[in-house]
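**Q** Please find one structure pasted underneath; my questions will follow.
The values are calculated or read from the model by the stated rules, or taken from the named source; none is laboratory data. None of these values were measured; they are calculated from a predicted model. Every residue, glycine among them, receives a Cβ derived from its backbone with ideal geometry; neighbour counts consider all protein chains shown. Protein only, heavy atoms only, side chains kept; ligands, DNA and RNA dropped before computing areas. Shrake-Rupley method; radii C 1.70, N 1.55, O 1.52, S 1.80 Å.
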Amino acid sequence: MRKMKLLTVILAVCMMLTSCQGVQQEDEKASIRIGISLYRGDDTFINNIRGILEEKAKEYERENDIKVTLDIQDAKGSQNIQNDQVERFISLGCDVLCINPVDRMDASVIIDRAMTAHVPVVFFNRQPVEEDMNRWDKLYYVGVDAKETAVLQGKMVVDLYRKQPEAVDLNGDGVVSYVMLEGETSHQDSLIRTEWSVQTLKDGRVPIEKITGGIANWERSQASALMEQWLTEYPDTIELVISNNDDMALGAIDALEREGISRINVIGIDGTTPGLEALENGKLLGTVSANKERYGSVIMELAAGCALGEELPEEYPLEDGTYYWTPQEILIHKIEENP
Ligand code: BGC
């Protein structure tokens, strides 16, 4: 009888322990906290991605019945501010970090902190150097392939030139005179986009001539100032503006509008909200648009997977188990509608 009682007590204790463990496990899986730091909150493309991340977090919550808390911070272009934000995220107990690094060459401080605290990091848009990425198997990168972007940008002009040379060589002198607007020099996308868009035009046998070019650091106002200067320096010469992103393309369009010029073709990259608007009304000839829905989904799935110890869904293959390259497409304004 005594033995029976003892057995019942042991059983009851075991059941209590198991059920407590169950509650604890459920608690652990019931919510995740993601620390996100943006290199600059006022960057149009990054802002688009931010909006999508917020949407995807809500979607993930609904579909998986898990509370997702996003702590989004703006590093305002300072690596020191970003390092402090990472420190804070870790002390707040974030399960995973999504970092858009200010200085992609200097991600080591972030990686050191994350590794010590065992908090995985999903970097995006500004790609840390390979040596840094190879330091830990809990480091990921989501972005677009810069060469692919540039080849698509060049291809849209090549295709148009083949179909309607007069729509590209506006004065019909057999040469397409272009200017180039470049992003930040330290950004992996700038150099590659500049090189490969031009190379693709050459490979596609579009007879091109570079009038001039300049660095406008991805910014609309800087591009607008450069374009204004070029229009004065090279009147009636420019036929095509090739821009490393939509915001600088829009800056060039601002300058053209101030001068009352509408004929010059302007092409961008990104497919941002204002970029798509300009495309729609024919001010922008074309852009290369990353699939931003996918971009946001992959960041969210990777982050949640890291936090919950789950694999990334098979539909999102990672190169070397680390890199995800977001698909992109050419969007071009229907030239027949152009004046
Ligand atoms: C985008 C730019 C953006 C930059 C920020 C680039 O990939 O094309 O629009 O300003 O990333 O890092």
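**Q** For a quick check of understanding: with a 1.4 angstrom probe and all protein chains in place, what accessible area in square angstrom does MET105 have, to the nearest ten?
**A** Here the accessible area works out near 100 Å².
**Q** As I understand it, the value is the acute angle between the Cα axis of helix 44-64 and the longest principal axis of the Cα atoms of the chain; what does it come to in degrees, rounded to 10?
**A** So the helix axis and the longest Cα principal axis differ by about 30 degrees.
**Q** Shifting gears a bit: Could you tell me the calculated FRET efficiency between THR273 and MET115, based on Cβ-Cβ distance and R0 = 25 angstrom, to the nearest 0.05?
**A** After rounding to 0.05, the efficiency reads 0.10.
**Q** Treating only the Cβ atoms of Lys and Arg (+1) and Asp and Glu (-1) as charged, compute the dipole magnitude of the chain about its Cα centre; round to the nearest 20 debye.
**A** 1240
**Q** For ASN291 paired with ASP203, estimate the spin-label separation in nm (one decimal), with each label point 7 Å from Cα along the Cα-to-Cβ line.
**A** Those two pseudo-labels are separated by 2.2 nm.
**Q** Taking the chain as the reference, fit the longest principal axis to its C-alpha atoms, fit the long axis of helix 108-117 to the helix C-alpha atoms, and give the angle between the two in degrees, 0 to 90, nearest 10.
**A** 20
**Q** With axes computed from alpha carbons, what is the tilt in degrees of helix 146-163 against the longest principal axis of the chain, rounded to the nearest 10 within 0 to 90?
**A** 40
**Q** I would also like to ask the following. Shape verdict for the chain, please, from the Cα gyration tensor: rounded (a/c under 1.5), prolate (a/b greater than b/c) or oblate. Show your work: numbers first, answer last.
**A** Numbers: a/c = 3.07, a/b = 2.65, b/c = 1.16.
Judged from the Cα gyration tensor, the chain comes out prolate (a/c at least 1.5, a/b above b/c).
**Q** About its Cα centre, how strong a charge dipole does segment 147-290 have in debye, to the nearest 20, once Lys and Arg get +1 and Asp and Glu get -1 at the Cβ?
**A** Here the size comes out at about 420 debye.
**Q** Pull out a ≥ b ≥ c, the square roots of the eigenvalues of the alpha-carbon gyration tensor of segment 101-259, then state rounded if a/c is under 1.5, prolate if not and a/b is larger than b/c, and oblate in the remaining case.
**A** Prolate, since a/c reaches 1.5 and a/b exceeds b/c.
**Q** Got a number for carbon plus sulfur as a percent of segment 147-290's accessible area, 1.4 Å probe?
**A** Here carbon and sulfur together make up 48 percent of the probe-accessible area.
**Q** So if each residue of separation counts as 0.36 nm, and I subtract the Cα-Cα distance between THR322 and ARG88, what length gain in nm does that give?
**A** 81.7 nm
**Q** Can you give the extra length, in nm with one decimal, that the chain gains between LEU170 and SER221 once fully stretched, where that is 0.36 nm per residue apart less the Cα-Cα distance?
**A** So the chain would gain 15.7 nm between LEU170 and SER221.
**Q** If packing is taken as the mean number of other Cβ atoms within 10 Å per residue, what is the order of 68-80, 244-256, highest first?
**A** The most tightly packed comes first, giving 244-256, 68-80.
**Q** How many lysine pairs in segment 147-290, separated by 8 or more positions in sequence or lying on different chains, have Cα atoms less than 16 Å apart?
**A** Values: LYS147/LYS155; LYS147/LYS202; LYS155/LYS163; LYS155/LYS202; LYS202/LYS210.
Total qualifying Lys-Lys pairs in segment 147-290 comes to 5.
**Q** Between THR185 and GLU314, what is the label-to-label distance in nm when each label sits 7 Å out along the Cα-to-Cβ direction?
**A** Result: 4.8 nm between the two label points.
**Q** Mind checking which of LEU240, VAL206, THR273 is farthest towards the positive end of the chain's charge dipole, using Cβ charges of +1 (Lys, Arg) and -1 (Asp, Glu) about the Cα centre?
**A** THR273
**Q** Counting only heavy atoms of the protein chains, get the accessible area per residue of the chain (1.4 Å probe) and round it to a whole Å² value.
**A** Roughly 49 Å² per residue, with all protein chains present.
**Q** Something else now. Which one of VAL176, LEU226, GLY282 has its Cα pushed farthest toward the positive end of the charge dipole of segment 147-290, where Lys and Arg give +1 and Asp and Glu give -1 at the Cβ?
**A** Result: VAL176.
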